[in-house]
Amino acid sequence: MLIFTAFRAKTGVGSRAKNREIKWGCANRIVNGRRECDSHHVNEDTLQHTYAAAIGDMIEDAEEIMAAVKDSAGLVMEPENKAALERVEQEIIDLQNAVLELHKAKQQRSVTATDYAAQIKEYSERMQALEAQQAELQTTENRYSEVKMWLDSFAEHIQSGGIMNADDGMIMKQLVEQIIVNDDGIEVHFKCGIVASHEYM
């Protein structure tokens, strides 16, 4: 994979910016010379047209893509995960209340020191297990939320046509993880795991 950066290449007589076109080239080559990297430069217009073509192909399969994302993310399991998280959180609350009651019993001397210590150890071990479960379920819930936000944003930009605009930084931030520029074309890697690729136009 190459890290590309923009520069202006002279295309006509004179040195004014209007006589130069924007190209993208390997940053390593620009900084350290051709000896370090023999990759070719790519015209910015070519990149933009290729991006539009790659996204255009993807738009045609938008419904299938969204269905595949939902399936791979396990969104159908979200209600079960949410219910499990709520159960664990309630168990934690119940256990905290049980610990408070145990403390009160100790203060009232209605429980022996030995029984108190044994019960505290049992409660502590149970709390650790519940907190581990809670963290795992919460991580999954967060992932579901991220995927749903991505899907909503993807659908919105598909409907508005904004996804075709390679210059819109907000769309890129919301949807795209990275764009890899290869010798023969580009790969648009989306945050949800989808890759749209196309040969240079």
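The values are calculated or read from the model by the stated rules, or taken from the named source; none is laboratory data. Since the model is a prediction, treat every value here as computed from it, not as a measurement. Because the Cβ atoms are built from the backbone with ideal geometry, glycine has one as well, and the counts that use them run over all protein chains shown. Remember, those area values only see protein heavy atoms, side chains included, never the ligands or the DNA or RNA. Shrake-Rupley method; radii C 1.70, N 1.55, O 1.52, S 1.80 Å.
Return the residues of the stretch 66-80 that are open to solvent by 40 Å² or more (accessible area, probe 1.4 Å) and out of contact with any Leu (no Cβ under 9 Å at 6 or more places or on another chain); say none if nothing qualifies.
From the stretch 66-80, those open to solvent by 40 Å² or more (accessible area, probe 1.4 Å) are 66-68, 70-72, 76-77, 79-80; that's our starting set.
Residues satisfying the conditions are A67, A68, D71, S72, V76, M77, P79, E80.
Taking interchain pairs and intrachain pairs at least six residues apart, which have beta carbon atoms under 9 angstrom, with the first residue in the stretch 80-105 and assigned to a helix (DSSP H, G or I) and the second of a type in the set (G, A, S)?
N81/G74; V99/S124; K104/S110
Anything in the stretch 110-141 that is farther than 19 Å from R87 by Cβ and of a type outside the set (A, V, I, L, M, F, W, C)? List them, or say none. I'd like the intermediate steps shown before the answer.
Applying the first criterion (farther than 19 Å from R87 by Cβ) to the stretch 110-141 yields 110-122, 124.
Matches in the stretch 110-141: S110, T112, T114, D115, Y116, Q119, K121, E122, S124.
Let me confirm something: among I163, I186, I120, which residue is touching a Leu at 6+ places or on another chain (Cβ under 9 Å), of a type outside the set (F, W, Y) and in a strand (DSSP E or B)? Steps first, answer last, please.
Working: I163 fails: in a strand (DSSP E or B); I120 fails: in a strand (DSSP E or B).
I186 is the lone residue from the list that is touching a Leu at 6+ places or on another chain (Cβ under 9 Å), of a type outside the set (F, W, Y) and in a strand (DSSP E or B).
Here's the yes/no breakdown for (1) over 35 Å from the mean Cα position of the chain (by Cα); (2) of a type in the set (K, R):
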residue	(1), (2)
L102	yes, no
K106	yes, yes
S110	yes, no
Y144	no, no
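Hey, among Q107, Q96, which residue is modelled with pLDDT under 95 and either polar (S, T, N, Q) or in contact with a Pro (Cβ under 7 Å, 6 or more places away or on another chain) (or both)? Break it down into steps so the answer makes sense when it comes.
Numbers: Q96 fails: modelled with pLDDT under 95.
Just a single option satisfies the conditions, and that option is Q107.
Six or more apart or on different chains, Cβ atoms under 8 Å: show the pairs whose first residue is in the stretch 183-197 and under 17 Å from S145 (Cα atoms) and whose second is open to solvent by 70 Å² or more (accessible area, probe 1.4 Å) and assigned to a strand (DSSP E or B).
F190/E177; K191/E177
Quick check on the stretch 81-121: of everything there that is over 26 Å from T139 (Cα atoms) and of a type in the set (D, E, K, R), which residue is most open to solvent (accessible area, probe 1.4 Å)?
Start the filter on the stretch 81-121 by keeping residues that are over 26 Å from T139 (Cα atoms), which leaves 98-121.
Applying the additional criterion that residues be of a type in the set (D, E, K, R) yields 101, 104, 106, 109, 115, 121.
Working: E101: 106, K104: 104, K106: 102, R109: 208, D115: 87, K121: 129 Å².
Of everything passing the filter in the stretch 81-121, R109 is most open to solvent (accessible area, probe 1.4 Å).
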